[in-house]
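> Sharing a structure below in structure tokens format, with a few things to ask.
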Amino acid sequence: MSERVCYIRRSDRGGALRGLRLVGEHTDDTWQAGNANDPSIIAQSIAEGAKWVRDRLDANAGKLRSLSVLCLDPDGAVCSWVKPEDADTSLLDAVITGTSAKHDPDALDEPEHHHGIGERFPQLPLELSFEFLDAHETSTGSRAAVMACPDVPGRLLKDELDTLGIRVDKFTSIWHAIASVWDPGAGDAAHSAQRIVSSDAPIVAIIAIDAQDGRLIWTWSRQGRLIVGGASRIALAQGEHEHLPLIRNEDIARISSDWLGWSSQLGLAPAKIVFVGNPGQIESLPDPTSPLPEHTQKGAPPHPRPHRGLSAAQIGAALAKAWPDATIDLIEHDDPIGESLHKLASTHQGKSIDSLGALENRPGRVHRRMYRWAAAALVAVSALIGLLGYELFAQAEQVNEQTAKLKVQRLESITSYDQELVLSPFVIKDLQNQLDQMRQSQGPLTTSQSNPIMEELETLSYVLGTPGIEIITLQLNNNTVAITIRVEDIAQAEQINQSLTAIRGSHLRWRPFELKNRGQQIEATFTARWKEAGGDS
């Protein structure tokens, strides 16, 4: 079954849908949305885009109603750093939107300041979702990297796809996608040949050209796990059939400056740089800020100097100069973004890629179905409780009826015995007095003759008084006769048994004795019953 990856292209700092790109292992389809910024038209465009995705899935995959990955472009998204103690989503949202608590002038504690946090994130309140990137890859005590992404088009598109019955397995960003497919240490490429010999996987910096939107997208990662990412605009020149990206020295300098800032904040630096793309080599548009040549006559129109983009070799040299301690790999490709999406669709890396929590946890059709089943279960439990209450109420009625019948029977019994007791306020006391009178009128109670316990105890003392016998228990009463002793061997226990059964005039009939090993000794238990108590029967 072929996987499908949907790439969301946005505009207006990530607030509006600009187009969709549906990529499979052997397919690549695009859809363009309108340029209107009216909210109602934006919602309509998202609905049309979702229907387009459904139609393409039906046409290419045969009623396959699922997407492997829904990927957001970097438009409007920002990666920045915060202090470890400020790494909290609600705190960041309060600081950026300006809803944090105001300082009380009468309070003794100093107010907590978060200098610079709000300025480092886009000013789009109530439209941002924050993702804290992998902090385990950074040094101890360093800043925490946070990705702020305006994902309203992603949320609305997920809702529309969910309404159409299309399941999305993963929600991620192009930064995560680039890090997972181009990092040599990610996935199956972990054992590929690398130029750095180390016991630990190196930090890899990846720069990918987005030729369609005119920007450089870069990431830092370790074994495909995103650490931080960024993007910068580049110039586009008109080619024969399409726009060509032009990479200039200032573009490399801008990225190097960003990397120096991140290196100082996170306490790490990339040891390998992978550049993916095919930069253009034609002249760029005239630069109106360039100084005029000396031979230009006064009043003549300016003659701008030609400006060419850097070649792949020049880009490698510029990166080596800006980051001399890193090894550099150059991968030529006309469409790095499309190739990244193809790799996600073909190598099944979309199943292990990190997800955006805000989109991943957004309630969908499955959640609504779960809520409906939970509500149905509550209704069923309520019905069972109602039936149980009705049954208990019916049983209570039966108990009341039986109680009334018992009261009637009690009155009838008392009346049949003594009619005067019915009128007595102390029936129980009167009955107790009558019972005492009946007992006093009877003769003295006599007890049956007890067994000769003392006689038998004296007889047993002659047998058990032999040296080498340890008495453990001895029970001798009108009902129970049991003796437990410890002897040296079995022969001595059998001799005692013969002595007990051979006593003349004994009132006891001995049963077969029981033996147990207790270390070096033998524990013997002898039981008997009184002959007068039916022992001969």
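The values are calculated or read from the model by the stated rules, or taken from the named source; none is laboratory data. Note that the coordinates shown come from a computational prediction; the quantities given were computed from them, not determined experimentally. Reconstructed Cβ throughout: ideal geometry from the backbone, glycine too, with neighbour counts over all protein chains shown.
Table: residues versus (1) of a type outside the set (G, A, S); (2) touching an Asp or Glu at 6+ places or on another chain (Cβ under 7 Å); (3) crowded, with 20+ Cβ neighbours inside 10 Å; (4) modelled with pLDDT of 90 or more.
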| position | (1), (2), (3), (4) |
| --- | --- |
| I206 | yes, yes, yes, yes |
| V228 | yes, no, yes, yes |
| A231 | no, no, yes, yes |
| S257 | no, no, no, yes |
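> So which residues in the stretch 233-254 are closer than 29 Å to F132 by Cα and surrounded by fewer than 20 Cβ atoms within 10 Å (Cβ to Cβ), if there are any at all?
Listed by number, the residues that qualify are R233, A253, R254.
> If we only count helices (runs of 4 or more DSSP H) wholly inside the stretch 418-537, which ones have 1 or more residues that are modelled with pLDDT of 85 or more?
Passing ranges, in order: 453-464, 490-501.
> Would you mind finding the one in T459, T480 that is polar (S, T, N, Q) and surrounded by 13 or more Cβ atoms within 10 Å (Cβ to Cβ)?
Step by step, each of T459, T480 is checked, and only T459 is polar (S, T, N, Q) and surrounded by 13 or more Cβ atoms within 10 Å (Cβ to Cβ).
> Are there any pairs, at least 6 apart or on different chains, whose C-beta atoms fall under 6 Å, with the first in the stretch 213-226 and of a type outside the set (D, E) and in a strand (DSSP E or B) and the second surrounded by fewer than 20 Cβ atoms within 10 Å (Cβ to Cβ) and modelled with pLDDT under 90, and if so, which?
Once the first residue is of a type outside the set (D, E) and in a strand (DSSP E or B) and sits in the stretch 213-226, its partners that are surrounded by fewer than 20 Cβ atoms within 10 Å (Cβ to Cβ) and modelled with pLDDT under 90 give R222/E137; R225/D134.
> So, of the residues in the stretch 1-48 that are under 21 Å from D169 (Cα atoms) and modelled with pLDDT under 80, which turns out to be surrounded by the fewest Cβ atoms within 10 Å (Cβ to Cβ)?
Step by step, filter the stretch 1-48, then rank; the result is M1.
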